[in-house]
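First up is the structure itself, then whatever we jot down about it.
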Amino acid sequence: MSRHMKSFLVILALLLAFAAAPAAAAKGGNGKGGGGAGGDVTGTIELMAVESDDGGAAVAPSYGSTVMFATDINGELSSKSSVYVTVVCMQGAEVVYQYSGSTTSAFLLFDQAGQGLEWNGGAADCSAALVHRVEKGKNTTITYLNTVEFAVAS
């Protein structure tokens, strides 16, 4: 694993550890078991094709485009658990985009200067993580079910 990728994963882990699950995160289950420490919930995430503006063939994501993800979650979620997607984009060692949303969210890849992240266009390396969060009293367990990496064109 390259030094760049290790730095990226460390920053991703830190961002996710301190980020609150979005209010729109998928919740489910019947409150009976399931969703314990994340061991019985699994999942996958894949980048969905990005359609061109003119409705033509799929294109690579670019700055200003919207991306969505196909997710598959297996296992029973408890009433105190949620599954969501977090997207982080980097230019070199600098985080330029970070956003969390439900598994059905559309992520607009744009500048978030108001949130302290500066992205003025240009290519970026991105990663989307499918995250399982479980609240147990004062403790929160976060499990990364799966990740997908993708490049954003300038």
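Nothing in this text is a laboratory measurement; each read-out follows from the coordinates by a stated rule. These numbers come from a predicted model, not from an experiment. Every residue, glycine among them, receives a Cβ derived from its backbone with ideal geometry; neighbour counts consider all protein chains shown.
Close amide H pairs (under 5 Å, H built 1.01 Å from N) link residue 110 with 64, residues at least 5 positions away or on another chain. Neighbour counts of C-beta atoms inside 10 Å place 89, 126 in the sequence 126, 89, starting with the fewest. Each of 59, 41 was scored by other Cβ atoms within 10 Å of its Cβ. Listed from fewest to most, they are 59, 41.
Couplings 3J(HN,Hα) for segment 144-154, derived from phi with the Karplus relation 6.51 cos²θ - 1.76 cosθ + 1.60 (θ = phi - 60°), are 8, 6, 5, 9, 9, 9, 8, 9, 10, 7, 6 Hz, where x marks Gly and Pro.
Ordered by the number of other Cβ atoms lying within 10 Å of each residue's own Cβ, fewest first, 48, 90 fall into the sequence 48, 90.
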